Amino acid sequence: MMAEKGGHKHFMHKEIHEQPRAVADTLRGRMLLSEGDVHFEGWNLSADKVRALTKVTILACGTSWHSGIVGKAMIESLARLPVEVELASEFRYRDPIVEPTHLAIAISQSGETADTLAAFKEAKARGATALALCNVIGSAMTREADITILTNAGPEIGVASTKAFTTQLVGLYLLAVKLGRMRGTLTVKAAQEHLTALTEVPKMIEDVLKCEPSVKRVAREFMGAQDFLFLGRGPMHPVALEGALKLKEISYIHAEGYAGGEMKHGPIALIDEKMPVVIIAPKQPHVAYEKIIGNIEEVRARGGKVIAIIDEDDTHVATLADHIIRIPAASALLAPVVATIPMQLLSYHVADLRGNDVDQPRNLAKSVTVE
Ligand code: AGP
């Protein structure tokens, strides 16, 4: 069994450490650097059709829904197309507006999640073009789709999704570049810059994994906490949601993920000296960074314990936080990939220290095939 786990104690730990390889496999063969373009096998959308698109609707659940929120930032910024990110379990119960000029994207590790599949079918039946971003070839969603983009993460066994999430993020980034080129919102040069940045991601993940000893120290200190708060702004908001979800799933500690600006509208009331607050504060995007420093001060003023995720060269936040975890600096759209790794490690080590069944947490199934 240990051999199956490649010497790791749990599949989740193995899968966290597989991410440099998984992301490289998602990128492989797709980046046409000299042309500043992206190649997806089986892509059958004409330039006219892509230019005529008026909206993208992303349908997903759980962790895949979080990657959809990052995907919204990517597609809106690079392809200038409005994107809505829908909880698949809600979508079809509210008579959604779907037009033939819409692109529906189902994001799913398994390709079998009942709610996502049903929402995807509904969007397709109402005339949208159906694109599946999926990790399992031949799954129900890939069979339903007009176009499939495989994430190539390899089998994910741990119930808590890790490498599926980061490979979805780079898949969405590639898709945003492709749509941007086809719609003429990205020049060849700009696309080349984005693709070059993507080539660096596997190495960045290797580097960020080196933060594991500092994450483990934080996990030891807070393994007995009853609640955690995760804060992030802009593209770091979904990373905060993902950090909270991971912790809940496997450590059974109550955790909330919030957009930093929302803290004063409620969750600030929770903060006391027992409350660890994970604040995701890479320097990009710049505006989010400036604002999140305000959140750090608000937490500290109420005695909360700040665990800050910061760039390796950050000297400012380092002086304000109780604990820091350093990550390699990345662009605004890639920072979510890098910043997610310490979230995964934190939940893993807290759950392991608490003696929980990390790979098969109570009450959860890997793939939710019932509504
Ligand atoms: C992730 O850690 C969860 N176990 C869960 O939220 C999962 O992401 C969700 O059920 C969606 O699964 P899918 O990606 O296979 O559709």
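For region 67-164, list the helices (runs of 4 or more DSSP H) that sit wholly inside it and hold at least 2 residues that are without any contact (Cβ under 8 Å) to a residue 24 or more places away in the chain; which are they? If you could, list the steps in order and put the result at the bottom.
Working: elements: 88-91, 114-125, 140-144.
Of the helices (runs of 4 or more DSSP H) lying wholly inside region 67-164, those with at least 2 residues that are without any contact (Cβ under 8 Å) to a residue 24 or more places away in the chain span 114-125.
Report, by residue number, each residue of region 107-141 that is surrounded by fewer than 17 Cβ atoms within 10 Å (Cβ to Cβ) and at positive phi.
127, 138
Conditions (1) of a type in the set (Gly, Ala, Ser); (2) touching a helix residue (DSSP H, G or I) at 6+ places or on another chain (Cβ under 9 Å); (3) more than 13 Å from the ligand (Cβ to nearest atom), marked per residue:
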residue	(1), (2), (3)
28	no, no, yes
50	no, yes, yes
92	no, yes, yes
97	no, no, yes
106	yes, yes, no
112	no, yes, no
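Kindly list, by first and then second residue, each pair from a residue in region 10-37 that is within 18 Å of residue 171 (Cα to Cα) to a residue that is of a type outside the set (D, E, K, R) and surrounded by fewer than 18 Cβ atoms within 10 Å (Cβ to Cβ), limited to pairs with Cβ atoms under 6 Å and residues at least 6 apart or on different chains.
Matching pairs, first to second residue: 30/39; 32/39; 36/188.
Can you run down the residue pairs with Cβ atoms below 7 Å, 6 or more apart or on separate chains, where the first is in region 252-269 and under 16 Å from residue 290 (Cβ atoms) and the partner is β-branched (Val, Ile, Thr) and assigned to a helix (DSSP H, G or I)?
260/292
How many residues, within region 161-187, are within 16 Å of the ligand (Cβ to nearest atom) and either hydroxyl-bearing (Ser, Thr, Tyr) or at pLDDT below 95 (or both)? Before the answer, list the steps.
Filtering region 161-187 down to residues within 16 Å of the ligand (Cβ to nearest atom) leaves 161-172.
When the remaining residues are screened for being either hydroxyl-bearing (Ser, Thr, Tyr) or at pLDDT below 95 (or both), the result is 161-162, 166-167.
Going through region 161-187 one residue at a time, the tally reaches 4.
Quick one: would you say residue 43 is in a helix (DSSP H, G or I) and of a type in the set (Phe, Trp, Tyr)?
no
Scan 133, 117, 150 and give me the residue that is of a type outside the set (Val, Ile, Thr), modelled with pLDDT of 95 or more and more than 10 Å from the ligand (Cβ to nearest atom). Can you show your working first?
Details: 133 fails: more than 10 Å from the ligand (Cβ to nearest atom); 117 fails: more than 10 Å from the ligand (Cβ to nearest atom).
On inspection, the qualifying residue turns out to be 150.
Go through region 255-286 and count every residue that is closer than 19 Å to residue 327 by Cβ and either β-branched (Val, Ile, Thr) or surrounded by 22 or more Cβ atoms within 10 Å (Cβ to Cβ) (or both). Even if it seems obvious, please write down each step before you answer.
We begin by selecting, within region 255-286, every residue closer than 19 Å to residue 327 by Cβ; these are 257, 260, 276-286.
Next cut, either β-branched (Val, Ile, Thr) or surrounded by 22 or more Cβ atoms within 10 Å (Cβ to Cβ) (or both) only: 257, 260, 276-282.
Selection size over region 255-286: 9.
If only one of 261, 243, 234 is of a type outside the set (Lys, Arg) and modelled with pLDDT of 95 or more, which one is it?
On the way: 261 fails: modelled with pLDDT of 95 or more; 234 fails: modelled with pLDDT of 95 or more.
None of the other options fit; the residue is 243.
From the residues in region 55-66 that are within 16 Å of the ligand (Cβ to nearest atom) and free of Cβ contacts under 8 Å to residues at least 60 places away in the same chain, which one is surrounded by the fewest Cβ atoms within 10 Å (Cβ to Cβ)?
Ranking the qualifying residues of region 55-66, first place goes to 65.
Quick check on region 241-288: of everything there that is in contact with a helix residue (DSSP H, G or I) (Cβ under 8 Å, 6 or more places away or on another chain), under 17 Å from residue 333 (Cα atoms) and in a helix (DSSP H, G or I), which residue is farthest from the ligand (Cβ to nearest atom)?
Looking at residues that are in contact with a helix residue (DSSP H, G or I) (Cβ under 8 Å, 6 or more places away or on another chain), under 17 Å from residue 333 (Cα atoms) and in a helix (DSSP H, G or I), I get 287.
The values are calculated or read from the model by the stated rules, or taken from the named source; none is laboratory data. No experiment lies behind these values; they were computed from the predicted model shown. In this analysis, Cβ positions are derived from the backbone assuming ideal geometry, glycine residues included, and neighbour counts consider all displayed protein chains.
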